[in-house]
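Trainee: Input: one structure, supplied below.
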Amino acid sequence: MTHGGTSGHDVLLATKLHVPALRALALAAQGEHASALGALTEALTLAGRHGYVRVFADEGAPMHALLCELSAPRPGQSADRGIDAGYLASVLRACDPAPRGLGDPAPRRRGDPAPRRRAWPSR
């Protein structure tokens, strides 16, 4: 049975990936960072085999922060945790809360004048 072109297997797999990803966020919110990173590693390991990114990207800034923590090298620990570096970089880019495209303006520096705002007609 398919739903919108997606097989039941794909839906089941996405659900299996989403559970540890959400668990990682919940653990991080409770201050249990080691457990959160373990749950995120579990989710990324499984997701990486199938190329899933959106399950993490949909969680936005909180997931991005946790992914940054996971990807930061720690003394006495392996930096990769068994996760493909290219895949982890793709997930990090997808979760970036403020991605900048080629046409986006550079971030303002302190002391730069504020951009002029366009006046919209009131209705």
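The values are calculated or read from the model by the stated rules, or taken from the named source; none is laboratory data. Keep in mind the model is a prediction, meaning the values are calculated, not measured. All Cβ positions, glycine included, derive from the backbone under ideal geometry; neighbour counts span all protein chains shown.
Trainee: On the given criteria, is ALA24 touching a residue at least 40 places away in the same chain (Cβ under 8 Å) and in a helix (DSSP H, G or I)?
Mentor: yes
Trainee: Being at pLDDT below 90 and in contact with an Asp or Glu (Cβ under 8 Å, 6 or more places away or on another chain), is that true of even one residue in the range 93-101?
Mentor: yes
Trainee: Count, please, the residues in the range 38-74 that happen to be assigned to a helix (DSSP H, G or I) and surrounded by 21 or more Cβ atoms within 10 Å (Cβ to Cβ).
Mentor: 11
Trainee: Moving to a separate point now. Can you name every residue in the range 27-64 that is under 10 Å from CYS95 (Cα atoms) and free of Cβ contacts under 8 Å to residues at least 24 places away in the same chain?
Mentor: The answer is ASP58, and nothing else.
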